[in-house]
Amino acid sequence: MAANVHVRVRPETSNLYLDFSYQGVRCREQTALKDTPSNRKVVTDLAKKVEARMVLGEFDYASFFPDSKNLAKLPQSQSVVPQVGLPGNASLVADAPMQTVLFADYVESWFAFKQVEWRRSHSDNMRCLVDSSLKPFFGHFDLAAITKNDILVFRSELCSRPGRKGELLGAKTVNNHMQLLHSILLDASDEFGFVNPFRNIKTLKSKKQHIAPFSLDEINLIIDNVREDYKNYYRVRFFSGLRTGEIDGLQWRYVDFESKQILVRETIVKGKMEYTKTEGSQREVPMLGPVYEALKEQYEATGQLSDFVFCNAEGKPLDHVNVTKRVWYPLLRALGLEKRRPYMTRHSTATLLLASGESPEFIARFLGHTSTEMLFTTYSRYVPNLTRADGSAFEKLVAQKEVNDEA
């Protein structure tokens, strides 16, 4: 018989207690001993004795804890034999019930504390996961009563749930739910002194991301045929590698024509400006290829109209959903090109940089990655013999294409 008797501390009193399962019953036996090295040794010795008796099949609950309320919960009453307890004046306290805290109540206070650490968009995403999944499933649970099996049942239900497009939720989405649940239970177990049930639960394997970047010919085809008021937008987007929120939220104060750099400092999410995705996303992007000229032309159009580089007639930043549906996808259909998300413009920048022979370190900085790992995992088949580190190889590739077109 396996036995695990844990010595834990009640946060509110700093008293030590034993936490274990016996005959299918979760048992907690309190002591009046404060958490000091000497007291912990005393209680640990008691825990070892309990474990030893359990392993030998000789454990008599009443002999160790004669006044425990847990005796009434056990399947069979046991005869009282000479007591085996704490030595000397150390005393066991009659089993005090652990505070019952419902998951639904705890998660609200937990969320309020964590919210200040998150970007607004991340907070909105976490709020959605809590309200749509975690609270409906775990809301009525006593925090300390949640088991590993409950968590696995929850994950199984997620895996069978249809997503927005009718397909089952993907591994990444399920893992996001599980990671949030893990964080909540980890903090709760520390606060209330119970065993965190989220142990040895592995993340699901996600499918490898397959990208379909545009070729340089396709990029030029798109730019040549897009409506005039979006030409500069896509010229900058294809050759700067900016994320959607970064280019839609780009403001003129972050365009340094003198240094020929775009300063990525903010991003726009759901119409509101906020800090960039990560610290690594804060960067200076050199104006390569046609980017400098495109921004110069754009300044003539919107420089006096709005703080935003790319904006609508009212000077407000572009709505990426509207642009995608009314400009991007119709253009791809008209040109007979495969339907691809606008984010593929960023992947296209990366593959062009790789094809031109720029160094991985330069490209990682250019895109706002903190290391080159992402390059080799996402773009491995596009990596040639890399040597350059200043953007000149990219400039040469783009310029050569323009010369060939003129010829």
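Tabulated data for the structure shown
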quantity	calculated
Residue match in region 310-320 (condition: assigned to a helix (DSSP H, G or I), modelled with pLDDT under 95, under 21 Å from GLU228 (Cα atoms) and in the same structural domain as ARG243 (by TED's automatic domain parsing))	yes
Qualifying residue in region 228-238 (condition: hydrophobic (A, V, I, L, M, F, W, C), over 19 Å from the mean Cα position of the chain (by Cα) and under 25 Å from LYS272 (Cα atoms))	yes
Hits in region 197-229 - residues which are free of Cβ contacts under 8 Å to residues at least 40 places away in the same chain and crowded, with 18+ Cβ neighbours inside 10 Å	ILE223
Residue check for HIS347: out of contact with any Asp or Glu (no Cβ under 9 Å at 6 or more places or on another chain), touching a residue at least 40 places away in the same chain (Cβ under 8 Å) and not in a helix (DSSP H, G or I)	no
Complete set of residues in region 11-44 that are farther than 25 Å from ASN196 by Cβ and of a type outside the set (Ser, Thr, Tyr)	ALA32, VAL42
Test: residue in region 357-376 that is over 30 Å from the mean Cα position of the chain (by Cα) and among the hydrophobic types (A, V, I, L, M, F, W, C)	no
Within region 1-67, strands (runs of 3 or more DSSP E) holding 1 or more residues that are under 18 Å from ALA145 (Cβ atoms) and of a type in the set (Val, Ile, Thr)	25-34
LEU367, sole failed condition from (1) of a type in the set (A, V, I, L, M); (2) surrounded by fewer than 16 Cβ atoms within 10 Å (Cβ to Cβ); (3) at pLDDT 75 or above	(2)
Some residue of region 133-146 being modelled with pLDDT of 80 or more and of a type in the set (S, T, N, Q)	yes
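Table: residues versus (1) assigned to a loop (DSSP other than H, G, I, E, B); (2) not aromatic (Phe, Trp, Tyr).
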site	(1), (2)
TYR106	no, no
SER132	no, yes
ASN149	no, yes
GLU157	no, yes
ARG164	yes, yes
LEU180	no, yes
ALA188	no, yes
PHE194	yes, no
SER206	yes, yes
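Table: residues versus (1) over 30 Å from THR31 (Cα atoms); (2) at pLDDT 85 or above; (3) surrounded by 14 or more Cβ atoms within 10 Å (Cβ to Cβ).
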| site | (1), (2), (3) |
| --- | --- |
| SER79 | no, no, no |
| PRO82 | no, no, no |
| GLY88 | no, no, no |
| MET98 | no, no, yes |
| HIS122 | yes, yes, yes |
| ARG127 | yes, yes, no |
| GLY163 | yes, no, no |
| GLY170 | yes, yes, yes |
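Yes/no matrix, rows are residues, columns are (1) part of a helix (DSSP H, G or I); (2) without any contact (Cβ under 8 Å) to a residue 12 or more places away in the chain; (3) crowded, with 23+ Cβ neighbours inside 10 Å:
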{"residue": "LYS231", "(1), (2), (3)": "yes, no, no"}
{"residue": "ARG237", "(1), (2), (3)": "yes, no, yes"}
{"residue": "LEU242", "(1), (2), (3)": "no, no, yes"}
{"residue": "GLU246", "(1), (2), (3)": "yes, no, yes"}
{"residue": "ARG253", "(1), (2), (3)": "yes, no, no"}
{"residue": "GLU258", "(1), (2), (3)": "no, yes, no"}
{"residue": "THR267", "(1), (2), (3)": "no, no, yes"}
{"residue": "GLU274", "(1), (2), (3)": "no, no, no"}
{"residue": "LYS277", "(1), (2), (3)": "no, no, no"}
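The values are calculated or read from the model by the stated rules, or taken from the named source; none is laboratory data. Small disclaimer: the values here were computed from a predicted structure and weren't measured. Backbone-built Cβ (ideal geometry, glycine too); neighbour counts: all protein chains shown.
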